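Student: This is the structure, below, for whatever I ask next.
The values are calculated or read from the model by the stated rules, or taken from the named source; none is laboratory data. Just so you know, these numbers come straight off a predicted model, no measurement behind them. Quick reminder, even Gly has a Cβ in these numbers, built from the backbone with ideal geometry, and neighbours come from all protein chains shown. Accessible surface areas use protein heavy atoms only, side chains included; no ligands, DNA or RNA. Shrake-Rupley method; radii C 1.70, N 1.55, O 1.52, S 1.80 Å.
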Amino acid sequence: MKIDAKLLQKYGSDSCTEEEKIAVEQWLAAEEPDVQEVEELTELDGAFLWKNITEQVQHSGATSPKRHRSASRILGLPWAIAASILLAISIGSIWFFLQHANTKQETSLAMKEIRVPKGKKMRIVLPDQSIVHLNADSKLSYGEPFIGDEGTGRLVSLQGEGFFEVAHDSLRPFIIETASTRTEVLGTKFNLQQYANETAATLQVTQGRVRFSDRTQHNNLIVTINEAALFNAGQLSKETIDATQVSSWMNNVIRFPNNTLEEAATIIARWYNVDVKFEDDSLRKKRIKASFDNPSMEELLKEINYLLNINAHYSGGIVKFKT
């Protein structure tokens with residue numbers, strides 16, 4: 001059976017047939033496996049595949065390592081070169097490395113949590129020098145120490161919206177988990193959003209290449225510049241976007257890219273730290289497509305009233321929408 005990149009990716013995601021699984025494991029155990037067919041894998045693919053294959057090997061219960069070559073040293077090489085070394089190592093050697101790595105990861109981490117209230121934004125520099133811009137009503141948490149051993153991920157959890165400028169580190173993937181999704185990168189720029197009580201998550205990429213998946217990691221997409229990915233109702237989808245507009249909220253530009261008024265009201269509530277109320281429920285489904293550069297709330301409501309021919313006004317901490 002031919003061992004190629006596609007088959008290795010199936011093995012890494014635990015979707016092989018029994019015959020394919022046996023063939024891959026025999027190939028991994030070979031003294032000098034043929035790696036010519038897998039050298040087209042990119043660095044990100046390689047790091048992701050390495051993690052998944054080692055997980056599969058660990059579950060197989062292989063023992064008796066033949067060689068004790070350092071897996072962390074292998075991960076530091078370009079993937080095409082690393083593949084030829086990594087895949088020459090026996091399953092037992094990988095098992096040996098995993099046992100060592102897992103022992104270190106059992107150490108409990110102190111969690112750091114950063115909250116941004118409604119009406120505010122915040123810029124954060126993480127210990128690896130990655131930068132995160134958090135939008136209003138958002139929360140970011142991560143363990144300390146944040147930067148672990150080679151081969152371990154830089155893991156953060158997001159609730160809300162954040163624009164990430166990830167410092168490149170090919171040995172330590174940067175991983176962001178939301179309630180429904182997992183985003184994995186080595187170094188790039190992108191916007192990620194999933195607020196509390198929202199089932200949908202949106203990823204928008206402005207630079208580089210990002211792997212976006214559900215929490216099971218069985219379904220995933222590769223998302224690149226000028227692309228957005230959406231996870232909703234258990235499904236992943238992708239579309240083309242204008243990357244120059246993704247981070248506009250950091251410059252105090254409010255964008256409603258064909259939102260319902262109900263969706264726009266939620267954004268307004270977070271942006272200005274106010275409550276919203278619909279006195280006419282028929283207004284909720286009206287749509288608005290516009291952008292506003294650093295408007296005061298009064299200016300914004302005036303423009304919305306004009307565009308939608310409604311009567312929205314602010315009083316006593318509440319924005320009321322009516323006809």
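Student: Going residue by residue through the stretch 202-222, is there one that turns out to be closer than 26 Å to L308 by Cβ, open to solvent by 50 Å² or more (accessible area, probe 1.4 Å) and more than 13 Å from the chain's Cα centre (by Cα)?
Tutor: no
Student: So P295 ticks every box in (1) open to solvent by 90 Å² or more (accessible area, probe 1.4 Å); (2) in contact with a strand residue (DSSP E or B) (Cβ under 9 Å, 6 or more places away or on another chain); (3) part of a loop (DSSP other than H, G, I, E, B) but one. Which box is left unticked?
Tutor: Of everything listed in (1) open to solvent by 90 Å² or more (accessible area, probe 1.4 Å); (2) in contact with a strand residue (DSSP E or B) (Cβ under 9 Å, 6 or more places away or on another chain); (3) part of a loop (DSSP other than H, G, I, E, B), P295 misses just condition (1).
Student: Quick one: how many residues across the stretch 153-212 are closer than 22 Å to A269 by Cα and polar (S, T, N, Q)?
Tutor: Here the count works out to 8.
Student: Somewhere in the stretch 282-290, is a residue touching a residue at least 24 places away in the same chain (Cβ under 8 Å), open to solvent by 90 Å² or more (accessible area, probe 1.4 Å) and farther than 20 Å from W249 by Cβ?
Tutor: yes
Student: Can you name the residue in the stretch 249-260 that is polar (S, T, N, Q) and part of a strand (DSSP E or B) and, of all such residues, is most open to solvent (accessible area, probe 1.4 Å)?
Tutor: If we take residues in the stretch 249-260 being polar (S, T, N, Q) and part of a strand (DSSP E or B), then N258 is most open to solvent (accessible area, probe 1.4 Å).
Student: For the structure I just gave you, tell me whether T260 is of a type in the set (S, T, N, Q) and either at positive phi or without any contact (Cβ under 8 Å) to a residue 24 or more places away in the chain (or both).
Tutor: It is false that T260 is of a type in the set (S, T, N, Q) and either at positive phi or without any contact (Cβ under 8 Å) to a residue 24 or more places away in the chain (or both).
Student: List every residue pair whose Cβ atoms sit under 9 Å apart, with the two residues 6 or more apart in sequence or on different chains, where the first one lies in the stretch 4-27 and is farther than 21 Å from R211 by Cα and the second, anywhere, is of a type in the set (A, V, I, L, M, F, W, C) and at pLDDT below 70.
Tutor: What qualifies is V24/I53; E25/V57; E25/A62; E25/I91; W27/L87.
Student: Filter the stretch 230-248 down to the residues that are aliphatic (A, V, I, L, M) and open to solvent by 60 Å² or more (accessible area, probe 1.4 Å), then identify the one that is farthest from A136 (Cα to Cα). Steps first, please.
Tutor: Initially, the stretch 230-248 is screened for residues aliphatic (A, V, I, L, M), giving 230, 233, 236, 241, 243, 246.
Right, trim to open to solvent by 60 Å² or more (accessible area, probe 1.4 Å) and you get 230, 233.
Values: L230: 21, A233: 25 Å.
Among those residues, the one meeting the criterion is A233.
Student: For S141, only one of the following conditions fails: (1) on the phi < 0 side of the Ramachandran plot; (2) open to solvent by 30 Å² or more (accessible area, probe 1.4 Å). What is its number?
Tutor: That leaves (2) as the condition not met.
Student: In the stretch 270-281, how many are open to solvent by 80 Å² or more (accessible area, probe 1.4 Å), farther than 24 Å from L134 by Cα and not in a strand (DSSP E or B)?
Tutor: Applying the first criterion (open to solvent by 80 Å² or more (accessible area, probe 1.4 Å)) to the stretch 270-281 yields 273, 275, 277, 279, 281.
Adding the requirement that they be farther than 24 Å from L134 by Cα leaves 277, 279, 281.
Next, only the ones that are not in a strand (DSSP E or B) stay: 279, 281.
Residues meeting the conditions: 2.
Student: Additional query: When the residues of the stretch 7-33 are narrowed to those that are open to solvent by 70 Å² or more (accessible area, probe 1.4 Å), modelled with pLDDT under 70 and assigned to a helix (DSSP H, G or I), which ends up farthest from L221 (Cα to Cα)?
Tutor: Q26
Student: Hey, another quick one. Considering only residues that are over 14 Å from S237 (Cβ atoms) and open to solvent by less than 10 Å² (accessible area, probe 1.4 Å), which ones fall in the stretch 187-201?
Tutor: T188, F190, N191, L192, Q194
Student: Sort through E165, E161 and tell me the only one that's of a type outside the set (S, T, N, Q), at pLDDT 95 or above and open to solvent by 30 Å² or more (accessible area, probe 1.4 Å).
Tutor: E165
Every residue, every condition in (1) without any contact (Cβ under 8 Å) to a residue 60 or more places away in the chain; (2) open to solvent by less than 40 Å² (accessible area, probe 1.4 Å); (3) farther than 15 Å from I254 by Cβ, yes or no:
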{"site": "I268", "(1), (2), (3)": "yes, yes, no"}
{"site": "Y306", "(1), (2), (3)": "yes, no, yes"}
{"site": "H313", "(1), (2), (3)": "yes, no, yes"}
{"site": "G317", "(1), (2), (3)": "yes, yes, yes"}
{"site": "K320", "(1), (2), (3)": "yes, no, yes"}
